[in-house]
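Down below is the structure, laid out as structure tokens.
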Amino acid sequence: MRLVARICLTLILASCLTAGVNAQSEAVRVAAAADLKFAMGALAASFEKQTGTKLDVTYGSSGNFFSQLQNGAPFDLFFSADIEYPRRLEAAGLGEPGTLYEYAVGRIVIWTPADSKLDATKQGWKTLLDQRVEKIAIANPEHAPYGRASIAALQKAGIYEQVKAKLVYGENISQAAQFVQSGNAQAGIVALSLAISPPMKDGKSWEIPAEMHPAIEQGTIILKDAKNKNAARAFLEFVRSREGRAILERHGFVTREPINRSASAS
């Protein structure tokens, strides 16, 4: 009987240990704005190397994710291109208290392909007024903050009325960039983070001055119903760290020194 009892106890302990390992290794589910595609890939790779924890990242428009999260979409972390969406989730009780964080400020550029006769780098705003430009790709301003920033900048430059008939909308900033890359649009206003990424870095771009549009303040929050909160907190701490901010800056974002450490609160 003692032998049977020992075997049963051993099996129970093994089962508990296995469950613990599986819980720790469960991937963190992240809903991320499309402008983060390359930066998030680098952040995830570095975090996994240091901790062994993987990220399962889905990219899309911040506004669409906000609607999905309000309806219970199963994510642990939300990285929005507009900090207002995480703020609204927090106010609605859908975010983990103390985890709201502004992780970056985005920038926008006018971009034309490398093989185009147009040169956004030299022409700036004049690129969009060129008669050869029939379509200008931007993100949909209804649910993408980069789209709203693009419209605001065009209005500030005084050329919105001249070009509004040329505008074509991508579901998110990544799709807008694809429109220009594929030739379906001759020019586009895209995120700097995408313009300097491997698929687009050989193109010609001109950065739109930051004062010409509202700041693209980007925020993140851990979801109240997150299944993997400890790992989500650890990743958020990594993003807040000097190494995490340096990765974001290399990918075209502006970051700020964290004011507090509330995200590490238990």
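The values are calculated or read from the model by the stated rules, or taken from the named source; none is laboratory data. All values derive from a computational prediction rather than experimental measurement. Heads up, the Cβs are rebuilt from the backbone with ideal geometry, glycines too, and the neighbour counts pull from every protein chain shown.
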Inset, instruction - Inspect region 156-163 for any residue being touching an Asp or Glu at 6+ places or on another chain (Cβ under 8 Å) and outside any helix (DSSP H, G or I) and give the result as yes or no. - result: no
Inset, instruction - Starting from region 39-63, take each residue that is farther than 17 Å from Glu26 by Cα and in contact (Cβ under 8 Å) with a residue 60 or more places away in the chain and list its partners that are in a strand (DSSP E or B) and of a type in the set (S, T, N, Q), counting only C-beta distances under 8 angstrom and pairs at least six apart or across chains. - result: Ser62/Ser80
Inset, instruction - Search region 87-98 for residues that are in the same structural domain as Ile221 (by TED's automatic domain parsing) and pair each with any residue that is surrounded by fewer than 12 Cβ atoms within 10 Å (Cβ to Cβ) and part of a loop (DSSP other than H, G, I, E, B) when their beta-carbon atoms are under 8 Å apart and the residues are at least 6 apart or on different chains. - result: Gly98/Ala265
Legend entry - Residue among Ala139, Ala114 that is out of contact with any helix residue (DSSP H, G or I) (no Cβ under 9 Å at 6 or more places or on another chain) and either in contact (Cβ under 8 Å) with a residue 12 or more places away in the chain or of a type in the set (Phe, Trp, Tyr) (or both): Ala114
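So if I check each of Ala39, Ala27, Ala73, Ala45, which one is at pLDDT 50 or above, closer than 14 Å to Ser174 by Cβ and among the hydrophobic types (A, V, I, L, M, F, W, C)? Full working, then the answer.
Details: Ala27 fails: closer than 14 Å to Ser174 by Cβ; Ala73 fails: closer than 14 Å to Ser174 by Cβ; Ala45 fails: closer than 14 Å to Ser174 by Cβ.
The unique qualifying residue is Ala39.
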Inset, instruction - Taking the residues in region 34-60 that are among the hydroxyl-bearing types (Ser, Thr, Tyr) and touching a strand residue (DSSP E or B) at 6+ places or on another chain (Cβ under 7 Å) as candidates, determine which candidate is surrounded by the most Cβ atoms within 10 Å (Cβ to Cβ). - result: Thr53
Inset, instruction - From Ala195, Ala177, grab the single residue that is among the aliphatic types (A, V, I, L, M), in contact with a helix residue (DSSP H, G or I) (Cβ under 6 Å, 6 or more places away or on another chain) and surrounded by 20 or more Cβ atoms within 10 Å (Cβ to Cβ). - result: Ala177
Legend entry - Output for region 107-160, where each listed residue is loosely packed, with under 15 Cβ neighbours inside 10 Å and under 20 Å from the mean Cα position of the chain (by Cα): Glu142
Inset, instruction - Tell me the strands (runs of 3 or more DSSP E) entirely within region 164-246 that contain at least 2 residues that are of a type in the set (D, E, K, R). - result: 204-207
Legend entry - Qualifying position, being more than 24 Å from Val180 (Cβ to Cβ), in contact with a strand residue (DSSP E or B) (Cβ under 7 Å, 6 or more places away or on another chain) and surrounded by fewer than 16 Cβ atoms within 10 Å (Cβ to Cβ), among Pro97, Pro86, Pro74: Pro74
Inset, instruction - Have a look at Leu100, Leu69, Leu77 and point out the one that is farther than 30 Å from Leu154 by Cα and touching a Pro at 6+ places or on another chain (Cβ under 7 Å). - result: Leu100
Inset, instruction - Could you tell me whether region 77-85 includes any residue that is of a type in the set (S, T, N, Q), closer than 24 Å to Leu43 by Cβ and in contact (Cβ under 8 Å) with a residue 12 or more places away in the chain? - result: yes
